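Encoded as structure tokens, the structure appears first; notes follow it.
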Amino acid sequence: MTLPAIKNKKTSIILASVLVAAFFFSMIFFLVNRGGKRRVFVFPSVETGSSVVEIRRLPETHMSEVEYYISEMMLGPQTERCRRIFPAGTEVLSCMLKNKVLYVNLSKEIVNPETENKMLPVKDSIELFKSNILRNFSSISSVEVFVEGNSAYEGFQAI
């Protein structure tokens, strides 16, 4: 072999080694720093009576994980042709976890006559809300939902 051929071979080996090392470094960095926890959201479909599953990565914030998850759920789906769980304008008034029970107090906009025919019935919406939370947080054993401080089902027996 001639001297230039040996230099080209060494240069190729060094270049290939650097590229492989950069690939492994990038892969490890990607796997370690994924940008938040993976959470599952289930929203009702517009066309059918089925549900649509969304997967989102939620970053760490000043809020607790459960509060941030609920606030994201209240914003609604990112997927087209999906409905919100609750009508727009519904707010979380309070959220408290005690003895593995999550207490969530929602605003009265949960029952909005203008959007009622486009939404799930209130009881179904609340059940979907609860199942979303229980699916994502194994440390929570049950969810109690209140509307303006009153138990959610007391005022909605007729629905």
*Considering every residue within the range 63-80, establish whether at least one is open to solvent by 50 Å² or more (accessible area, probe 1.4 Å), at pLDDT below 85 and hydrophobic (A, V, I, L, M, F, W, C).*
no
*Criterion violated by Ile126 - all others in (1) under 15 Å from Val147 (Cβ atoms); (2) among the β-branched types (Val, Ile, Thr); (3) assigned to a strand (DSSP E or B) satisfied*: (3)
*Can you give me the number of residues within the range 25-47 that are modelled with pLDDT under 80 and open to solvent by 100 Å² or more (accessible area, probe 1.4 Å)?*
6
*Tell me, which residue of the range 50-90 that is touching a residue at least 24 places away in the same chain (Cβ under 8 Å) and among the aliphatic types (A, V, I, L, M) is farthest from Phe137 (Cα to Cα)?*
Ala88
*Inspect the range 52-62 for any residue being surrounded by 13 or more Cβ atoms within 10 Å (Cβ to Cβ) and of a type outside the set (D, E, K, R) and give the result as yes or no.*
yes
*Could you tell me which of the residues Leu58, Leu19, Leu106 is over 22 Å from Pro121 (Cβ atoms), modelled with pLDDT of 85 or more, touching a strand residue (DSSP E or B) at 6+ places or on another chain (Cβ under 9 Å) and of a type in the set (A, V, I, L, M)?*
Leu58
*Inter-residue pairs, beta-carbon under 9 Å, first within 14 Å of Glu127 (Cβ to Cβ) and among the small types (Gly, Ala, Ser) and in the range 138-152, second part of a loop (DSSP other than H, G, I, E, B) and open to solvent by 20 Å² or more (accessible area, probe 1.4 Å), 6+ apart*: Ser142/Lys100
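The values are calculated or read from the model by the stated rules, or taken from the named source; none is laboratory data. Owing to the predicted nature of the structure, the values given are computational and were not obtained by experimental measurement. Cβ: placed from backbone, ideal geometry, glycine included. Neighbour counts: every protein chain shown. Please note that ligands, DNA and RNA were not included when accessible areas were found on the heavy atoms of the full protein model with its side chains. Shrake-Rupley method; radii C 1.70, N 1.55, O 1.52, S 1.80 Å.
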